[in-house]
Amino acid sequence: IPDTSANKAAFVVGSSVKLADGQVRTVAAVYDVGAHLSVMLKGTALSASAVGYPKTISVASASTGTTTPPATVAPAPVPAPTPAPAPAPAPAPVVSDGSGINLVGVNFGSGVFDPGTVPGIYNKGYTYADESYYKRHAGLGFKLIRLGFLWERIQPKLGTELDAAELSRIKQSLDYAQKYGIKVVLDMHNYYRYYGKVINSPEVPRAQFAETWRKIAVAVSKHPALYGYGLMNEPYNTGNNLWPQTAQAAGQAIRKVDPSKWIMIAGDRYSSAFHWQKYNTSLINDPWMRDPKNNLVYEAHQYLDKDYSGTYRDRAETFAPMLGVERVKPWVEWLKANKLRGFLGEHGIPDFSPSSVVATDNLLAYLNQNCIPSTYWAAGPRWGENIMALDVTSGKHRPQLAPLQKHAAAKKTCSTIGPL
């Protein structure tokens, strides 16, 4: 919904939201991203046809019963469009004998659903992809998965041992991946927070964050499907610019256990590739963070819409063919200048925009040329008819698949993560 002062005041955790079909839901979490608020509601998946664009929602005060003016929600999915003309030619990927690293993958995000209810109940508010999803995506050519989980679920109480049940689910996911030749990046999808409290606050000491990652590494480091440790999804409003020291502490804790697997270090300001050089040059102030022997990979995210959010609210918006390349170039040039490695952990486009397919085709070609792997947002279970999802309940055609499969299948010369 629009990021207005009225909406900020009304749509808060715990308030009751009245939907267009008359049902009432409770707000579980609110994220302020760009020019919009992302409002997470408790309960089962919503029917876009019943509550989606251009319908409205409103907040009913629990104490007074008053309501806010209706707020227009983000556009809902529409049926698959008529196939677009063939995309404009993209820069040709480098070709070799087909050996090398996997450069194109997907996000399995259902493990981070229902973040307002943590730890939550497995298979109610959240779940993990079953074996069928690993088989399906391996068949589509994707051999890299970014697997989201929540800190509060793997460790419901700070400083304690990891939750055995949640850990077993993650290990089961790794087993499925191994069966189908897929590599997995574990993604702690917490936005620099634990139960809403920022790291480096009195409630969440940095040392506890590092120790949690050490325990995770002890548990999974020897699994053959493990590709890397994603320390933190999209840090934002981190305060006092302490994320670089925090990431280093966690990375060094992992290195006490696992000397070699990749460690993905996300950037501040929601990891935006376009804004990287404004917010994240201090990540490498310490020599340890620049040392290539430490196998560190700097993770950015990038979406194409005008507010960079990935909500694609303006259904009429079109995207220049090289927009994706232009958006990630500041980050890629920073990587090159500092001889570092990169990973585009999230990018995604809506199913109603042929121009975004062309832009993604060119983006993936550019990343492949620089040996930078990427994972598309999103895939896996419980996405309903989400405009960006590769797995939708209806099984309808997903136009996003074409560029992803094209570049996943491209023969590679990349023997390691670049662009260094």
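Taking the criterion of being at pLDDT below 75 and among the hydroxyl-bearing types (Ser, Thr, Tyr), the residues of the range 22-41 that qualify are Tyr31, Ser38. Looking across the range 176-205, the residues that are part of a strand (DSSP E or B) and touching a helix residue (DSSP H, G or I) at 6+ places or on another chain (Cβ under 6 Å) come down to Val184, Met188, Tyr194. Criterion applied to Val95, Val12 was being of a type outside the set (Gly, Ala, Ser), in a loop (DSSP other than H, G, I, E, B) and modelled with pLDDT under 55, and the one residue passing it is Val95.
Of the numbered criteria (1) open to solvent by 10 Å² or more (accessible area, probe 1.4 Å); (2) under 27 Å from Tyr134 (Cα atoms); (3) hydrophobic (A, V, I, L, M, F, W, C), the one Ala177 fails is (1).
All conditions but one from (1) within 14 Å of Val325 (Cα to Cα); (2) in contact with a helix residue (DSSP H, G or I) (Cβ under 9 Å, 6 or more places away or on another chain); (3) open to solvent by 20 Å² or more (accessible area, probe 1.4 Å) apply to Lys406; the one that does not is (1).
Scan Arg327, Arg315 and give me the residue that is assigned to a loop (DSSP other than H, G, I, E, B) and either under 20 Å from the mean Cα position of the chain (by Cα) or surrounded by fewer than 24 Cβ atoms within 10 Å (Cβ to Cβ) (or both).
Matching residue, one of Arg327, Arg315: Arg315.
Counting only residues that are in contact with a helix residue (DSSP H, G or I) (Cβ under 6 Å, 6 or more places away or on another chain) and farther than 19 Å from Asn237 by Cβ, the range 300-310 holds 2 of them. Of the residues making up the range 131-162, those that are closer than 23 Å to Ala409 by Cβ, hydrophobic (A, V, I, L, M, F, W, C) and open to solvent by less than 10 Å² (accessible area, probe 1.4 Å) are Phe142, Leu144, Ile145, Leu147. Counting the residues of the range 338-391 that are of a type outside the set (A, V, I, L, M, F, W, C), surrounded by fewer than 24 Cβ atoms within 10 Å (Cβ to Cβ) and in contact with a strand residue (DSSP E or B) (Cβ under 6 Å, 6 or more places away or on another chain) gives 3. Of the candidates Thr44, Thr72, the single residue that is under 22 Å from Asp114 (Cβ atoms), modelled with pLDDT under 80, surrounded by fewer than 16 Cβ atoms within 10 Å (Cβ to Cβ) and under 26 Å from the mean Cα position of the chain (by Cα) is Thr44. Whenever a residue of the range 399-415 is part of a helix (DSSP H, G or I), its partners that are among the charged types (D, E, K, R), lying with C-beta atoms within less than 9 angstrom and at least six residues away or across chains, give the pairs Ala402/Asp361; Pro403/Asp361; Lys406/Asp361; His407/Asp361; Ala408/Lys143.
As a summary of the residue check, Ala389 satisfies the conditions (1) over 17 Å from Glu326 (Cα atoms); (2) in contact (Cβ under 8 Å) with a residue 40 or more places away in the chain; (3) not β-branched (Val, Ile, Thr) except for the one numbered (2).
The values are calculated or read from the model by the stated rules, or taken from the named source; none is laboratory data. Keep in mind the model is a prediction, meaning the values are calculated, not measured. Heads up, the Cβs are rebuilt from the backbone with ideal geometry, glycines too, and the neighbour counts pull from every protein chain shown. Accessible surface is based on the protein model in full, side chains and every heavy atom, while ligands, DNA and RNA are left aside. Shrake-Rupley method; radii C 1.70, N 1.55, O 1.52, S 1.80 Å.
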